[in-house]
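Undergrad: Structure below; questions to follow.
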Amino acid sequence: MYAPYGSVASSKSPRQLLLLWSAACCWLSSCRAQPSDAPAQGAALAEHATSEVEVATLELSNPSAFPRSQSPLYLSHYDLGLAPGALAGRTLLLREGDASLPVQTIDHDGDGTKDGIFALVELPAAATRSFRIVAATGAAPQQPPAQAAAELSVKQGGEWRPREKNPQLKEYVGGQFVNVASFTPPPEHTDHSNLIRYEGPGIESDKVGYRIYLDERNGFDIFGKKTAAPVLHTIGLDGYESYHQPAPWGMDILKVGASLGTGGFGFWNGKEVERVSQVAGWRATVTEAGGAYASFRIDYQGWRVGGITTNVRADFSMHGGSRLVHTRLHFDEPLPRLAIGVVKHPDTELLASSLDVTGMAYGHVASWGKQSLDGAPLGMAVLFRRGALEQREITSSDYVAVVEPDGRDFDYYFLAAWAGEPGGITSKEAFAAYLEQAAEELTLLPRERLHTKLSAQAKQAPLTSEAALGWAKKLADSELARKTLLYRLDGWDTNRRRKPRFEYDITGLLPLAYDELNRAAPEPRYASVLQQLTGSFINERGEIATYDESAYNLDSILPGRALLRLYEQTGSDRYQKAAAQLRRQLSQQPRTSQGAFWHKQRYPGQLWLDGVYMALPFLAQYTQAFEQGRALDDVLKELQVTREHLRTPDNGLYLHAWDETKQQSWADPTTGRSRLYWGRGLGWFSMALVDVLDHIPEADPQHREAVLALVRELAPALAAVQDKATGTWWQILDQPGAPGNYRESSASAMFTYFFAKATRKGYLPPSTQSTAQRAFAGLVDEFIRVYPDGHVSLTNQCLVAGLGYGRDGSYRYYMSEPVWKDDPKATAPFILAAIEIARLLEPSAPAATSPR
């Protein structure tokens, strides 16, 4: 059974299952007292009305070797399984044993509605803490003193007058400052017009404060703090000058001038930064006033720059215990060459992170020196994902990172570390070490295992063929509602945050999974996906959009299987012609000295497990359909070379890759092999084995028996590293429980598919059916999250992993790649695994037998 809450499995009719699902979607409201015509049930529910109701359990693990103090935790109501209004007067608490951690309910997306809870959690080095999220009645617990605050204060009750020294400009005279939730400056407002206290909205933590000029300068300035208590509400009440002088709370410590200040943004025109000056107007809004978390938004209306006009929504947030401001930008029109950075003062030093890191890791552009207005050392930095960086520049006024936004969105962090703050950073070396730790905390997020009661109640049914197919349909339908059809040629690759390309997952494996689902449960919405995605890349002449044969990239081959499906279904020559292009690539693909395919042209001499699945099932299918099977020797040769160089005899597991030249940083200098057993890498290989067998007939025992031997050899090795507690598999297969390692859903889905299909087809003995069923039950229990709107997600998959170009194959590298949800590299194998389990459990299905 599925549920981690210990529910008792039972046999239910489809109507009972539907009623159970409906009950799960409104479980929290049902805990209130019911009418007296159901006294037994009403009495139990009435008891819940005055007690705590468990919503979810959470394990939170620190992946780092150092402790993380006040690590931020945000859990949305949606992820917790709570529909709008479900709390109905209850308060969410974060329990650890009998103790409660302070929790703040926040509006994370800034739409005006509270959407989740936020907490600051102490995480010892490499440690795990376990919590319960409960909904309680009664008064909310008293909150601790605020550690973060945001505010906006403008004068009211005065009047505009010409300035004495410059009558063409106006200033606001008289009146009093009043805190407001939102403000749009009038046309008379410009810099130093005395309308807005300290010239714009402000935000602070217990470490440092910042302000952003709400005028054509758009400067980002710093309030150095000597106290942990909030101080913004006390600053500038008597005008602009006072906060530039030392005070018990601290002072303004930065001269911004005509620069980005600390962490500002603008447009890189090829020579310099154009700040956000040419705008039709501004509007600032405080979205969270404070507590553990604070935020505000600035809407820049009609920014004219680089030949375009765009509105910009900028959200800024801070939390207690941190110097960092998270900055999230959204552009109505895509803006290339975004510039972010920090002011360049005399006698300061540029500090820039290494470029030899993975694209998803955080790096920085920073400065250090005696650049504070009080003469003390001050460090400033912007932190961003390495893959976004186009170039680094130094201008007369700024240290700049030129970055490429992800379509219409970009997010980054900025920070300032003043030597004058209590316990402040006083040396360049200490600042550099601080930046490295900050980058690791952003790159390696705490590992979360969240199990909600809503999800548990939706998983109470026993595992049957119908139930397994139902989970495939639920995930497929949820992804259709979210993004599947966006992967067409003119759409958007949501997870990669770029235009779609003709590649293995979005135009290959995912549409194949939908087509296979249509065979198992025919529906027009599933049948149309293959054409809408893969078909959109093929023109009438059979040419493939975005495809570059000269790259010799095996990732481009897998969609050939989708092309062959389209050819079978439509008879259109365009799809056969397109598939023939891919076959031509393989015929010319560079190879190792033993005849195995290079993974890509730019990866010379390298054999990857990933590439085995990208190429071989297509090659086997194509050669049987159009070449009388003459390339099956190549298929078998690839598998044999892979086994020779990547399999470890001691445990039967395969390493990720082999470099024949032994030159890569990730390769062992003696063997050329990479160091670790990456789950999804071996998952690709395992699926390749059973899918290749679909295209080797029993009349060809020479090739067939060789592949079957690999299947039977691999199965016990995989079973040996299957997680005993959950039936799933880990990101690094042989290191369960190591700091940062996590149970990973894409590999788990692939191995489930391997065991289920191999058992059903008779490649493995009937006894392995229990392994397949336990694996699928674990997939659902551990990774499927059910939402109050009926949609589901598949959680905890490695977004991407590879080798070379900053990816050194170390344990830390595999931990550093983002942990994602609903990526096609996991959702497609889950759908396929669920279909195979459904077929395996069909009452009319023949019992598994050994193959001839």
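The values are calculated or read from the model by the stated rules, or taken from the named source; none is laboratory data. Note that this is a predicted model, so its numbers are computed, not measured. Don't worry about glycine lacking a Cβ; one is built from the backbone with ideal geometry, like all the others, and counts go over all protein chains shown. What goes into the accessible areas is simple: the full protein's heavy atoms, side chains included, and nothing from ligands, DNA or RNA. Shrake-Rupley method; radii C 1.70, N 1.55, O 1.52, S 1.80 Å.
Undergrad: Cα centroids of the stretch 294-354 and the stretch 144-187: how far apart, whole angstrom?
TA: For the stretch 294-354 versus the stretch 144-187, the Cα centre distance is 23 Å.
Undergrad: Quick check: the angle from helix 39-48's long axis to the longest principal axis of the chain, C-alpha only, nearest 10 degrees?
TA: With rounding to tens, the tilt is 50 degrees.
Undergrad: Now, a different point. Accessible surface of D356 in the full protein assembly, 1.4 angstrom probe, to the nearest 10 Å²?
TA: 110
Undergrad: Could you please report the charge total around L764, scoring K, R as +1 and D, E as -1 over all other residues with beta-carbon less than 10 angstrom from its beta-carbon? Show your work: numbers first, answer last.
TA: On the way: positive: R712, K757, R760, K761; negative: none.
My count for the surroundings of L764 gives +4.
Undergrad: If I compute solvent accessible area with a 1.4 Å probe over the protein chains, what percent of it on the stretch 59-112 is carbon and sulfur?
TA: Using a 1.4 Å probe with all protein chains present, the stretch 59-112 comes out at 54 percent carbon and sulfur.
Undergrad: Which links in K155/K344; K459/K499; K226/K370 stretch past 26 Å when you go from one Cα to the other?
TA: As for pairs spanning more than 26 Å Cα to Cα, those are K155/K344; K459/K499.
Undergrad: Can I ask one more? Going from most exposed to least, what order do Y172, Y805, Y198, Y567 have by accessible area with a 1.4 Å probe?
TA: I get Y805, Y567, Y172, Y198, largest accessible area first.
Undergrad: Separate question: Would you mind telling me the share, in percent, of accessible area of the stretch 150-205 contributed by carbon and sulfur at probe 1.4 angstrom?
TA: 47
Undergrad: How would you classify the stretch 327-421 from its alpha-carbon gyration tensor, with a ≥ b ≥ c the square roots of the eigenvalues: rounded for a/c under 1.5, else prolate if a/b is greater than b/c, otherwise oblate?
TA: It comes out prolate by the Cα gyration axes.
Undergrad: Could I ask something else about it? For the chain, report the accessible area per residue in Å² (1.4 Å probe, heavy atoms, rounded to an integer).
TA: Averaged over the residues of the chain, the accessible area is 38 Å².
Undergrad: Same structure, new question: In the stretch 510-557, which trypsin sites (Lys or Arg not before Pro) are in a loop and have at most 11 other Cβ atoms within 10 Å, using DSSP for the loop call?
TA: Qualifying residues, ordered by number: R541.
Undergrad: How would W471, W249 rank on accessible area, largest to smallest, probe 1.4 Å?
TA: Result of the area sort, largest leading: W249, W471.
Undergrad: Quote the accessible area belonging to S572 in square angstrom, nearest 10, computed with a 1.4 Å probe and with ligands, DNA and RNA left uncounted.
TA: 40
Undergrad: Here's another thing I want to ask about it. Which of the lysines could a cross-linker bridge to K662, judged by Cα under 26 Å and excluding same-chain residues fewer than eight apart?
TA: Reachable lysines: K600, K637.
Undergrad: Which of rounded, prolate, oblate describes the stretch 716-797, given a ≥ b ≥ c as roots of the alpha-carbon gyration tensor eigenvalues and a/c under 1.5 marking rounded, otherwise prolate only if a/b is larger than b/c?
TA: oblate
Undergrad: Can you work out ³J(HN,Hα) from phi for every residue in the stretch 258-268, in order, using Karplus 6.51 cos²θ - 1.76 cosθ + 1.60 and θ = phi - 60°, giving whole Hz and x for Gly and Pro?
TA: Karplus-based 3J(HN,Hα) across the stretch 258-268 equals 8, 9, 6, x, 9, x, x, 9, x, 10, 8 Hz.
Undergrad: Just want to confirm a number: the relative contact order over the chain, from Cα pairs under 8 angstrom separated by 6+ residues, in percent.
TA: Once divided by the residue count of the chain, the mean separation gives 11 percent.
Undergrad: Given the pairs K453/K474; K225/K428; K474/K724, which span a C-alpha to C-alpha distance of over 22 angstrom in this model?
TA: K474/K724
Undergrad: I'd like the carbon and sulfur percentage of the solvent accessible area for the stretch 210-273, probe radius 1.4 Å, heavy atoms only, ligands and nucleic acids excluded.
TA: Percent of accessible area from carbon and sulfur atoms in the stretch 210-273: 56.
Undergrad: Cβ under 13 Å from G595's Cβ, G595 left aside: what net charge do those residues give with Lys, Arg +1 and Asp, Glu -1?
TA: Once positives and negatives cancel, what remains is -3.
Undergrad: Hey, what angle do you get for helix 632-646 against the long axis of the chain, alpha-carbon based, 0 to 90 degrees rounded to 10?
TA: With rounding to tens, the tilt is 60 degrees.
Undergrad: Which of the three applies to the stretch 651-739, rounded, prolate or oblate, going by the alpha-carbon gyration tensor with a ≥ b ≥ c and a/c under 1.5 meaning rounded?
TA: oblate
Undergrad: Continuing with this model, one more query. Within the chain, what's the longest stretch lacking GluC sites (Glu not before Pro) that sit in DSSP loops with no more than 10 other Cβ atoms inside 10 Å? Don't skip to the end; give the middle numbers.
TA: Numbers: sites that count: E164, E241, E540, E698.
The longest such stretch corresponds to 242-539.
Undergrad: Just the accessible area for R386, please: 1.4 Å probe, Å², rounded to the nearest 10?
TA: 60
Undergrad: As a test of reading the structure, rank D477, D573 by solvent-accessible area (1.4 Å probe, protein chains only), most first.
TA: Largest to smallest exposure gives the sequence D573, D477.
Undergrad: As I understand it, the value is the acute angle between the Cα axis of helix 701-720 and the longest principal axis of the Cα atoms of the chain; what does it come to in degrees, rounded to 10?
TA: 50
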